[in-house]
Amino acid sequence: MVNKAQYMTVQIQQSTLSGLISAPASKSSMQRACAAALLAVGTTQIRNPGTSNDDKAALEVITSLGAGVVHNTDGTITISSNGVNPKNNEVNCGESGLGIRMFTPIAATSSKAITINGQGSLLTRPMHFFNDIFPLLGIKITSNLGKVPLHIQGPMQPENIEVDGSLSSQFLTGLLMAYAATAKNLVTIKVNNLKSKPYIDLTLQVMKKFGVVVTHINHGLFTIKPSPHGFKPITYTVEGDWSGGAFLLVAGALAGPVTVQGLSMQSTQADKKIMDALQACGCFVTETTKGITVAPAPLQAFTFNAIDCPDLFPPLVALAAHCNGITQISGVFRLAHKESDRGLTLQQEFAKLGIEVQLKGDTMYVTGKKANTGGTVHSRHDHRIAMACAVAGLKSDAPIIIEDAEAINKSYPDFYSHLQQLGAAVKINP
């Protein structure tokens, strides 16, 4: 694992990869499991837990909200809970967008006054959703003009409400889990223009494994019935992460063959759609019991809709940069409020490598096969930008140096070492 250090740089140069590698644990799955374990009275076991900064932040949040967390010698985590009973007056969600949007409604199920805070890029991300919705649920809230810190006091009183789902599905994830834990009568949430529907499917899947079932009609009307037992403690295995795995698969398409294990084709994760892009561009893709193997071939430009899977933009740009023709990726409006404004960041950082990325309305155009001249780029403190540049470096005419390379710790701390294991020429300068 690469330890976080300020101003870490990584140099990557053209390489040939081969071998088998395991995908990292899904932080989307891990964080939801932590929330469910907090709401489940009893003892939950987490297998294959994630080690990213966002995962660690989730564990710190549930500890602040009353859970006991024990890291076992066999690599599992034991979470004991008696429900939401905040130990502290403040909860810090680190830089996790899912964390703050999911745990804020859960924290509001308590009657205790709590400050919800964050750090880094989370300080600028919009949270006005809570200002609009919480007063309808009996929750007091003040914020910093729709940003953190959020000062809240419940307890939540679930009501039939209508919400806007266009900014992020993460707000809905938090509401669904909090409603399911507290509803005394049947209640509904009507959602308009929901984006990232697969992430809500993942939320509902995790809730179901913990014994709570929420039904919906076309992701537009969610019905929550009172549960006689609520969330039940279980043994939960965190699935492999398609978001991080996408970078490994693209690396295989550019410089492989690479076999990635631990990714389930039955997963509800949105970023499983990377398989569509890999097949569309013409690389060799095979699925076996060992995993998913991706190998290079003459690559062609492709058209891709990333509205429901915006986290795929960075690996897709690294892929498209080495495809013949102009690739079109739609869904740019989903990128403005990530760790960076990813549309502009991808355009500006890849321009330093001689790769043309144009933004026209809601569509990104990537001109491939012109030049990848190498050079120095900056992650902009965005884990997915760092990984995208690293993957691009595998086919660069000259070395690529990534500044603020430690940004990967947010989601995939082992990324550079995994590339090294596959044979990549990666030099880490802490």
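Any chance the range 259-276 includes a residue that's over 18 Å from the mean Cα position of the chain (by Cα), buried (at least 24 other Cβ atoms within 10 Å of the Cβ) and within 14 Å of residue 291 (Cβ to Cβ)?
yes
Conditions (1) in contact (Cβ under 8 Å) with a residue 40 or more places away in the chain; (2) loosely packed, with under 15 Cβ neighbours inside 10 Å, marked per residue:
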position	(1), (2)
288	no, yes
293	yes, no
299	yes, no
306	no, no
314	yes, no
332	no, no
374	yes, no
378	no, no
382	yes, no
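Tally time: how many residues in the range 197-213 are in a loop (DSSP other than H, G, I, E, B) and either under 16 Å from the mean Cα position of the chain (by Cα) or surrounded by fewer than 19 Cβ atoms within 10 Å (Cβ to Cβ) (or both)? I'd like the intermediate steps shown before the answer.
Within the range 197-213, the subset in a loop (DSSP other than H, G, I, E, B) is 210-213.
Those still in the list that are either under 16 Å from the mean Cα position of the chain (by Cα) or surrounded by fewer than 19 Cβ atoms within 10 Å (Cβ to Cβ) (or both) too: 211, 213.
Residues meeting the conditions: 2.
Is it true that some residue in the range 266-278 is at negative phi and part of a strand (DSSP E or B)?
no
Among the residues of the range 9-33, count how many are at negative phi and in contact with a Pro (Cβ under 9 Å, 6 or more places away or on another chain). It would help to see each step written out before you state the result.
Of the range 9-33, the ones at negative phi are 9-18, 20-33.
Cutting the leftovers down to in contact with a Pro (Cβ under 9 Å, 6 or more places away or on another chain) gives us 9, 11-14, 17-18, 24-25, 30, 33.
The number of residues fulfilling the criteria is 11.
Would you please list the contacts, defined by Cβ atoms under 6 Å and residues six or more apart or on different chains, that run from a residue in the range 143-169 that is on the phi > 0 side of the Ramachandran plot to a residue that is surrounded by fewer than 19 Cβ atoms within 10 Å (Cβ to Cβ) and of a type outside the set (S, T, N, Q)?
Qualifying pairs under 6 Å: 146/126; 146/128.
Within 21 Å of the chain's Cα centre (by Cα) and of a type outside the set (D, E, K, R): which single residue out of 419, 394, 359 fits that description? Break it down into steps so the answer makes sense when it comes.
Values: 394 fails: within 21 Å of the chain's Cα centre (by Cα); 359 fails: within 21 Å of the chain's Cα centre (by Cα).
Just one listed residue meets the conditions, 419.
For residue 234, which of the numbered conditions (1) crowded, with 17+ Cβ neighbours inside 10 Å; (2) more than 18 Å from residue 25 (Cα to Cα); (3) within 22 Å of the chain's Cα centre (by Cα) fails to hold?
(3)
For the range 61-180, give me every one of the strands (runs of 3 or more DSSP E) that falls completely inside it and has 1 or more residues that are surrounded by 24 or more Cβ atoms within 10 Å (Cβ to Cβ) and under 25 Å from the mean Cα position of the chain (by Cα). Steps first, answer last, please.
Details: elements: 68-71, 77-81, 90-92, 114-117, 140-142, 150-153, 161-164.
Ranges flagged: 77-81, 90-92, 114-117, 150-153.
Condition test on residue 423, is it among the small types (Gly, Ala, Ser) and touching a strand residue (DSSP E or B) at 6+ places or on another chain (Cβ under 6 Å)? Spell out the reasoning first.
Details: among the small types (Gly, Ala, Ser): yes; touching a strand residue (DSSP E or B) at 6+ places or on another chain (Cβ under 6 Å): no.
The answer is no for residue 423.
Looking for whichever is modelled with pLDDT of 95 or more and basic (Lys, Arg) here; the options are 56, 4. Which one fits?
Of the residues listed, the single one that is modelled with pLDDT of 95 or more and basic (Lys, Arg) is 56.
Please work out which one of (1) aliphatic (A, V, I, L, M); (2) out of contact with any His (no Cβ under 8 Å at 6 or more places or on another chain); (3) over 19 Å from residue 110 (Cα atoms) is the condition residue 156 fails and give its number.
With respect to (1) aliphatic (A, V, I, L, M); (2) out of contact with any His (no Cβ under 8 Å at 6 or more places or on another chain); (3) over 19 Å from residue 110 (Cα atoms), residue 156 is out only on (3).
Go through (1) assigned to a loop (DSSP other than H, G, I, E, B); (2) farther than 16 Å from residue 169 by Cα; (3) of a type in the set (A, V, I, L, M, F, W, C) one by one and return the number of the condition residue 194 breaks.
The number of the failed condition is (2).
Do we find that residue 393 is modelled with pLDDT under 95, buried (at least 19 other Cβ atoms within 10 Å of the Cβ), within 17 Å of residue 11 (Cα to Cα) and in contact with a strand residue (DSSP E or B) (Cβ under 6 Å, 6 or more places away or on another chain) in this structure? Spell out how you get there, then give the answer.
Numbers: modelled with pLDDT under 95: no; buried (at least 19 other Cβ atoms within 10 Å of the Cβ): yes; within 17 Å of residue 11 (Cα to Cα): yes; in contact with a strand residue (DSSP E or B) (Cβ under 6 Å, 6 or more places away or on another chain): yes.
The answer is no for residue 393.
Read through the list (1) in a loop (DSSP other than H, G, I, E, B); (2) out of contact with any helix residue (DSSP H, G or I) (no Cβ under 9 Å at 6 or more places or on another chain), then give the number of the only condition that residue 286 fails.
It is condition (1) that residue 286 fails.
When you scan the range 416-427, do you find a residue that is closer than 16 Å to residue 250 by Cα and without any contact (Cβ under 8 Å) to a residue 12 or more places away in the chain, even just one?
yes
In the range 200-233, which residues are touching a Ser or Thr at 6+ places or on another chain (Cβ under 6 Å) and at pLDDT below 95?
Hits for the range 200-233: nothing passes.
The values are calculated or read from the model by the stated rules, or taken from the named source; none is laboratory data. Values in this document were obtained by computation on a predicted structure and should not be read as measured data. Positions of Cβ are generated from backbone atoms using ideal geometry, with glycine treated the same way; all protein chains shown enter the neighbour counts.
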